[in-house]
Amino acid sequence: MQPAKDTLAWMYEKMVTSRRFENAIEKIYMEGKSPVFNMADGPIPGEMHLSDGQEPVAVGVCAHLEAGDVVTATHRPHHQAIAKGVDLKKMAAEIFGKATGLSGGRGGHMHIFDAEVNFACSGIIAQGMGPAAGAALSRQIQGKPGVAVSFIGEGAANQGAFHEALNLAAVWKLPMVVVVEDNAWGISVSKEASTAIKRNSDRAAAYGIPGHYIPGNDPLKIYEVAGEAIARARRGEGPTLIEVETYRLAGHFMGDAEGYRPDGEKDGLFAKDPIPVMRTSLLADGSFTDAELDGLETSAQAAVDEAIRFARDSADPKPEDALTAVFA
Amino acid sequence: MENERKLTIARAMAEAMAQEMRIDPSVFVMGEDIAELGGVFGNTRGLLEEFGKERVRDTPISETGFIGAAVGAAQDGMKPVVELMFVDFFGVCFDAIYNLMAKNTYFSGGNFNVPMVLMTSTGGGYSDAGQHSQCLYGSFAHLPGMKVVSPSNAYDAKGLMTAALRDPNPVIYMFHKGLQGMGWLGTEAGAITHVPDESYEVEIGKAAIAREGRDVTIVSIAQGVHHGLKAADALAQQGISAEVVDLRSLVPLDRETVRASVAKTGRLIVVDEDYHSYGVSGEIIATVTESNMADLKAPPRRIAYPDVPIPFARVMEQHCLPNADKIAAAARELCGAPVPA
């Protein structure tokens, strides 16, 4: 299943939007954090987990989703949020902790929630799995259309919640797709050192559901496999587990010295950076011209600039608003 | 009154759920052994037969999975009722409870609501030892973002369940096993009360005066209320008039009713089957001493579970549990009354 040209354009533009967004966040994050790096300082305090390199997974999957479909994301959620259609201005403002943010500054970068597009996060590893199964159950009980996609990292496959939710989804045949972004590292511990089997997609066999492994961080291949899985879920045939080989081009979080990486690993990953790879491929097969791709990049950059400007210009929340919104 | 219909707490809970399920298609129930069996503690009996497997579903033994799923379903517009069979099992699923259920409303700035009920059994006294006998309500009440209720009788059990099902927030509904009315477990007779046929709510966050009195206020919740009432009976024979406050809810906590009662009696005893330290008894005492110190004629007292795991042996467990004798003895001391012969 090859994406149509407009879908390809959308995928490329969202990948670029995500990368440019992360580039902007990365730069602003460091404001006020030098010469001494203190996570609490600067316009964006706290932890920051960038998604550079993992964009193909988000767009390859979300290209098949509607606003009404549900996504649960992780502590590294920006690319997934952008691909799902989360409001970029409000998301940027949330990351800055501003009053105009999605949650008025209560959540920050690890807790991006946008009910308009059914997007939720948990900063706890694998804890989006249960809620995704529940959203899928909700659609099944109500007979309402929609699938739930839970994005997780490869480290999450060693969590109990992963197995409990997969079993639940399988035994109840829920319209759910689990997408494992295998960036090979759980902070500093490699997948090889932490995980007894090479491919988490093989774990699907334990639940009697299809499992697919996608090598090469290839957005088109991801689009194809995710499309089949999501269509299968929509047909009521139950969940699918997909693991995608992807690359974490940044550290686990900003400030991570990445001393645990083997020499040369980062250089090798940058050589495979999926955005230039996709650009080259779209040009090589003649489906896009330079001008068309430049236009998509310009439009992506404009969206990012607008979002960052909105976030910077927005006011801080009233401190005492910390005491509100605990209950509905 | 003779002809009034009386129900156990188990029956009252099931009736509240059934009545709400009839009018609200978004309500569904899931948990371990809640469908075919009707709940280990009887509180979902009859629901499967009336509403079918789609809305009344037995789950795998996967509390993290299905409580997390309830959060996702609630955020998607459903009203799940989930059962954690014993509150002691919270250790395997607390992330779904306090990091998801209790925080997603706040983290989303009200973007998402999490309207769900988590019902769970509490309490000991029947030699089930320390992984099946705890109350732990203080641990839940300590963490912001979830309401916490625990009925002492069937009337409140039905009304609180109905209120919980209509609340847009997550509600922890804790039912004490000793009050549940299960034949095989032994039951406090005072928990079996008149329950109206029709649907009604008992407001979450509103305490009740279970017995009026002048000389000492006994504050408790669930089983402790019955201990307090029995102590009040014994004290009355000695001319000591005890007022018994049934908190019914820990979150929100009806601090005004507690303060008003102590303002009247001048003496406070808190009866708490949860652990002594860092818990409900300390919170109730602080509620009074922070603002009404001058009302106190004597230092407040607490009859709480000591800070030890709950033992198996009957004599050891009973030694640790609150009871009417301990409460009455504390009340006599506070009132300067002699120990009766």
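For this structure, a couple of remarks:
- Modelled FRET efficiency - R0 51 Å, A:E116 with A:S281, Cβ distances, 0.05 increments: 0.95
- Stokes-Einstein D in µm²/s, Kirkwood radius over Cα pairs - the stretch B:6-194 at 4 °C with 1.567 mPa s viscosity: 80 µm²/s
- Value of relative contact order over chain A, rounded to a whole percent, pairs C-alpha under 8 Å and six or more apart: 23 percent
- When B:M116, B:M161 are sorted by how many other C-beta atoms sit within 10 angstrom of their C-beta, beginning with the fewest, the order is B:M116, B:M161.
- Computed magnitude of the charge dipole of chain B (debye, nearest 20; Cβ of K, R +1, Cβ of D, E -1): 680 debye
- Each Cα pair of the stretch B:208-335 feeds into the Kirkwood radius, which the Stokes-Einstein equation turns, at 10 °C and 1.306 mPa s, into a diffusion coefficient of 111 µm²/s.
- Anisotropy class of the stretch A:5-314 from Cα gyration tensor, a/c 1.5 cut: rounded
- Sparse packing (at most 14 other Cβ atoms within 10 Å of the Cβ) combined with a DSSP loop state is found for the following chymotrypsin sites (Phe, Trp or Tyr not before Pro) in the stretch B:256-341: B:Y278, B:F312.
- Mean projected area of the convex hull spanned by the Cα atoms of chain B, taken over all viewing directions: 17.5 nm².
- The length gained by stretching the chain between A:A40 and A:A4 to full extension, at 0.36 nm per residue less their Cα-Cα distance, is 8.5 nm.
- For a label point 7 Å along the Cα-to-beta-carbon line of A:R309, residues of the stretch A:77-104 with backbone N under 14 Å: A:89
- Remark: the protein assembly as shown carries a charge dipole of roughly 1100 debye about the Cα centre, counting +1 on each Lys and Arg Cβ and -1 on each Asp and Glu Cβ.
- Span from the the stretch A:27-54 Cα centroid across to the the stretch B:116-173 one, whole angstrom: 42 Å
- Alpha-carbon centroid distance for the pair the stretch A:228-250 / the stretch A:83-129, whole angstrom: 22 Å
- Here the Debye sum runs over all C-alpha atoms of the protein assembly as shown as equal scatterers in vacuum, and log10 of I(q)/I(0) at q = 0.08 Å⁻¹ comes out as -0.66.
- Sorted by Cβ density within 10 Å, fewest first, the residues A:E224, B:E4: B:E4, A:E224
- For the stretch A:204-328, the ratio of Cα radius of gyration to the globular rule of thumb 2.2 N^0.38 Å stands at 1.53.
- Per DSSP, loop GluC sites (Glu not before Pro) in the stretch B:154-237 with at most 14 further Cβ within 10 Å: B:E198, B:E203, B:E212
- Comparing Cα centroids, the stretch B:287-341 and the stretch B:1-71 end up 36 angstrom apart.
- When only Cα pairs below 8 angstrom with a gap of at least 6 residues are kept, chain B shows a relative contact order of 16 percent.
- Least to most buried among A:R235, B:R248, B:R302 (fewest other Cβ within 10 Å first): A:R235, B:R302, B:R248
- Relative to the longest principal axis of the Cα atoms of chain B, the long axis of helix B:324-335 makes an angle of roughly 40 degrees.
- Once the C-beta distance of A:I187 and A:D267 is scaled by a Förster radius of 22 Å, the resulting FRET efficiency is 0.60 to the nearest 0.05.
- Normalising the average separation of contacting C-alpha pairs (under 8 angstrom, six or more residues apart) by the number of residues puts the relative contact order of the stretch B:208-335 at 30 percent.
Read the figures in this text as sums done on the coordinates, not as results from a lab. Owing to the predicted nature of the structure, the values given are computational and were not obtained by experimental measurement. Here the Cβ is made from the backbone with ideal geometry for all residues, glycine too, and neighbour counts use every protein chain on show.
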